[in-house]
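Chemist: Pasting a structure here, questions to come.
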Amino acid sequence: METTDVVIIGAGFAGLTAARELSRRGFNTIILEARDRIAGRTHLEEHLGRNLELGGTWVHWTQPYVWTEMGRYGIAAIAAPEFTKAYWSVEGQHRSGHADELMDLLDAPNQALLADARKYFPLPWSPLTNPEVTDIDGLTLSEAIDRLDLSEDQRQLLRSFWALNFNGLLDQAAYTQALRWCAAASGSWQLMFETCATFKIEGGTRRLAEAILEDSTAQLRLKQPVVSIRQDAERVHVQTADGQEITARQLILAVPLATVNDIDIQPQLSAAKREAACRSHAGRGAKLWIKVKGRQERFVAMGAEDAPLNFVQAEYIDEDSTTLVCFGPQAAAVDVTDRAAAQQILDSLVPGLEVLEIAGHNWVDDEQSRSTWAMHYTGFLSESLAELQRPEGLIRIAGSDIANGWGGFIDGAIESGIAVSRSVAQQLEETEKADLGISV
């Protein structure tokens, strides 16, 4: 049986960051990753003649953790050009205009919906600072939108906009989650939208993940799914699917929330943790890349909130083709391998485009993810977040799904990895001092 100071399960950005922090403080650290690659729910891969981000992509200067890491490793941000055209649908009718027209239509509804963002979240990275948050955490985004005095056109556009942001359905989506995103963007919905879809990492997400890993002395072991974890008062015992056993002084579980219960953990995690993991979150939608014929104007398109793809933007414009990135609220409604189906879906959003190729990854059917980015259900913030962040003996959970700030983004994963590694290091150092008879 192998022994080490820390075992980290998961080599996404949270796990990689925690491994770097701990190994650089002198702790022997092993990362066990079930996939054959690092970077979790980000994945840069060659498709359609270029490197495409199949998962998480965007970063922003409002996101302090990822921006700091990019600066640390000399990695620049690449800004997308401005949109010039927009398409949208209202009550089944196609409309088009300058991109500013669509933003103007969304402005007043979003201003009304998010007016209290800074009131409820005056310190966005301490989301439970204001106790009044618990008063509204049971309110769904659907209910919050329905309370607004909006025209039907405005209501439909606003619902589609937030189905995009949640990458899921709005019937259980937490209004507090929308407020948290806006508060983290200084209370500006326009800045929030810019944060979500403007700046990418030069060289791709893989470049940053590799830079963090290379700055670490942790041992990375790929294709090592963990099947069981057993802890006693002094040690955590980990068993992998191929029968390896590792004993550690501390363990970090840096996997998507939806997969936490897949591992046999004894003694069991608290009922609240298990219930939160079982419920997971609303991010269960689709991301699809579509290459179309011809050099297109840089456009953005929004469809009905329940359309298979309700958002499309022209991301790469070449001489004889244009590559679109598209999102929809339900992964089951989009076959990422069916070009004919993609053509039919695209026709309903932007008529006249000819689909050449498509590419994507179904993250919801992926057993190592079972979700896309974290957008929480009602009650999560007030009932589950603090409990998920609370250590359970020698086990701590980490990841973007339980971040305080930009949850659902790379930034949130790095934030969580840093916070958990600090807690683990402190516990290890206190234990060492106690073993030496030094008062702590």
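The values are calculated or read from the model by the stated rules, or taken from the named source; none is laboratory data. Since this is a predicted model, take the numbers as computed values, not measurements. Here the Cβ is made from the backbone with ideal geometry for all residues, glycine too, and neighbour counts use every protein chain on show. The area values use the complete protein model at the heavy-atom level, side chains included, leaving out ligands, DNA and RNA. Shrake-Rupley method; radii C 1.70, N 1.55, O 1.52, S 1.80 Å.
Chemist: Please sort 371-377, 23-29, 411-417 by packing, taking for each peptide the average over its residues of neighbouring beta carbons within 10 angstrom, highest first.
Modeler: Result, highest mean first: 411-417, 371-377, 23-29.
Chemist: List the residues whose amide H sits under 5 Å from the amide H of residue 316, counting only those 5 or more places along or on another chain, with H placed 1.01 Å from N in the peptide plane.
Modeler: Hits under the 5 Å cutoff: 323.
Chemist: Follow-up question, since we're still on this one. What are the ³J(HN,Hα) couplings of the stretch 123-139, residue after residue, when phi is run through the Karplus curve with 6.51, -1.76, 1.60 and θ = phi - 60°? Round to Hz, x for glycine and proline.
Modeler: Computed from phi, the couplings for the stretch 123-139 are 10, x, 8, 10, x, 9, 4, 8, x, 5, 4, 4, 5, 10, 6, x, 8 Hz.
Chemist: Can I ask one more? For labels at residue 306 and residue 268 in the simple 7 Å Cα→Cβ model, what's the distance in nm?
Modeler: For residue 306 paired with residue 268, the spin-label model returns 3.6 nm.
Chemist: OK, next. Once you sort the root eigenvalues of the Cα gyration tensor of the stretch 379-433 as a ≥ b ≥ c, which label holds: rounded (a/c under 1.5), prolate (a/b larger than b/c) or oblate (the other case)?
Modeler: oblate
Chemist: Ignoring everything except DSSP H segments at least 4 long, calculate the 222 nm mean residue ellipticity for the chain; use -39,500 (n - 2.57) per segment, divide by total residues, nearest 500.
Modeler: Computed ellipticity for the chain at 222 nm equals -9500 deg cm²/dmol.
Chemist: Another question, then. Under the √(5λ) rule applied to the eigenvalues of the Cα gyration tensor, what semi-axes describe the equivalent ellipsoid of the stretch 241-349? Give them in Å, descending.
Modeler: So the three semi-axes of the stretch 241-349 are 41, 17, 12 Å.
Chemist: Taking 0.36 nm per intervening residue step and subtracting the Cα-Cα distance, what contour gain separates residue 68 from residue 28 on full extension?
Modeler: Using 0.36 nm per residue and subtracting the Cα-Cα distance, I get 11.9 nm.
Chemist: Taking a ≥ b ≥ c as the square roots of the Cα gyration tensor eigenvalues, with a/c under 1.5 meaning rounded and otherwise prolate when a/b beats b/c, else oblate, which class fits the stretch 68-199?
Modeler: In terms of gyration-tensor shape, oblate.
Chemist: Let me ask something additional. Using Cα pairs under 8 angstrom and six or more residues apart, how large is the relative contact order of the stretch 210-269, in percent?
Modeler: Relative contact order here is 30 percent.
Chemist: Return the single residue from 243, 56, 379 with maximal mean-square fluctuation; model: Gaussian network over the chain, springs between Cα atoms under 10 Å.
Modeler: Judging by the Gaussian network model, the answer is 243.
Chemist: How many angstrom lie between the C-alpha centres of the stretch 155-197 and the stretch 44-75?
Modeler: About 21 Å separates the Cα centre of the stretch 155-197 from the one of the stretch 44-75.
Chemist: Further, regarding this structure: Given a cut-off of under 8 Å on Cα pairs at least six residues apart, what relative contact order in percent is computed for the chain?
Modeler: Dividing the mean separation by the residue count of the chain yields 24 percent.
Chemist: What does the accessible area of residue 214 come to, in Å² to the nearest 10, when a probe of 1.4 Å is used?
Modeler: Result for residue 214: roughly 150 Å² accessible.
Chemist: Got a sec? Which residues in the stretch 197-218 would a label at residue 61 touch, if it sits 7 Å along Cα→Cβ and we count backbone N under 17 Å?
Modeler: Backbone N within reach: 197-202.
Chemist: Let me ask something else about it. Residue 422 to residue 93: FRET efficiency via 1/(1 + (r/R0)^6), r the Cβ-Cβ distance, R0 60 Å, to the nearest 0.05?
Modeler: Efficiency, rounded to the nearest 0.05: 0.65.
Chemist: Taking amide H positions as placed in the peptide plane 1.01 Å from N, state which residues far from residue 35 in sequence (5 or more) or on other chains have amide H under 5 Å from it.
Modeler: Amide H neighbours of residue 35, under 5 Å, 5+ apart: 223, 224.
Chemist: What is the extension gain from residue 148 to residue 223, computed as 0.36 nm multiplied by their sequence separation minus the C-alpha to C-alpha distance, in nm to one decimal?
Modeler: 22.0 nm
Chemist: Shifting gears a bit: Obtain the nm distance between the two label points defined at residue 365 and residue 2 by a simple spin-label model: each point lies 7 Å from its Cα along the Cα-to-C-beta direction.
Modeler: According to this spin-label approximation, the distance is 3.3 nm.
Chemist: Stretch residue 436-residue 103 to full length: gain in nm at 0.36 nm per residue minus the Cα-Cα span?
Modeler: 113.6 nm
Chemist: I've got another one for you. Using a Förster distance of 22 Å, how high is the FRET efficiency between residue 116 and residue 171, based on the Cβ-Cβ distance and rounded to 0.05?
Modeler: 0.55
Chemist: Here's another thing I want to ask about it. Go through 265-277, 354-366 and give me the packing order, highest mean Cβ count within 10 Å leading.
Modeler: 354-366, 265-277
Chemist: Starting from the Cα of residue 128, step 7 Å along the direction of its Cβ; do the same at residue 319; then give the gap between the two resulting points in nm.
Modeler: 5.9 nm
Chemist: Averaged per residue, what accessible area in Å² does the chain show with a 1.4 Å probe, protein chains only?
Modeler: 40 Å²
Chemist: Quick one: order 326, 196 from most to least accessible surface, probe 1.4 Å.
Modeler: In descending accessible area the options line up as 196, 326.
Chemist: Shape verdict for the stretch 272-408, please, from the Cα gyration tensor: rounded (a/c under 1.5), prolate (a/b greater than b/c) or oblate.
Modeler: prolate
Chemist: Using only Cα atoms, find the angle between the long axis of helix 99-113 and the longest principal axis of the chain, and express it within 0 to 90 degrees, rounded to the nearest 10.
Modeler: Here the helix axis deviates by roughly 60 degrees.
Chemist: Same structure again: Once neighbouring chains are kept in place and the probe is 1.4 Å, which whole percent of the accessible area of the chain is contributed by carbon and sulfur?
Modeler: 46 percent
Chemist: If you plug each phi of the stretch 306-313 into the Karplus form 6.51 cos²θ - 1.76 cosθ + 1.60 with θ = phi - 60°, what whole-Hz ³J(HN,Hα) values come out, in order, with x for Gly and Pro?
Modeler: 3J(HN,Hα) across the stretch 306-313, in whole Hz: 9, 5, x, 10, 10, 8, 9, 9.
Chemist: So what's the net charge close to residue 216: Lys and Arg +1, Asp and Glu -1, counting the other residues with Cβ under 14 Å from its Cβ?
Modeler: Here the charged neighbours net out to -2.
Chemist: Between residue 429 and residue 386, take the C-beta separation as r, use R0 = 22 Å, and let me know the FRET efficiency to the nearest 0.05.
Modeler: After rounding to 0.05, the efficiency reads 0.35.
Chemist: Once phi is turned into θ = phi - 60°, what whole-Hz ³J(HN,Hα) does the Karplus curve with 6.51, -1.76 and 1.60 give for every residue of the stretch 16-30, x standing for Gly and Pro?
Modeler: Values per residue, Gly and Pro as x: 5, 5, 4, 5, 4, 4, 6, 5, 6, 8, x, 8, 5, 10, 10 Hz.
Chemist: While we're here: With every protein chain left in place and a probe of 1.4 Å, what is the accessible surface of residue 423, to the nearest 10 Å²?
Modeler: Solvent-accessible area, nearest 10 Å²: 40 Å².
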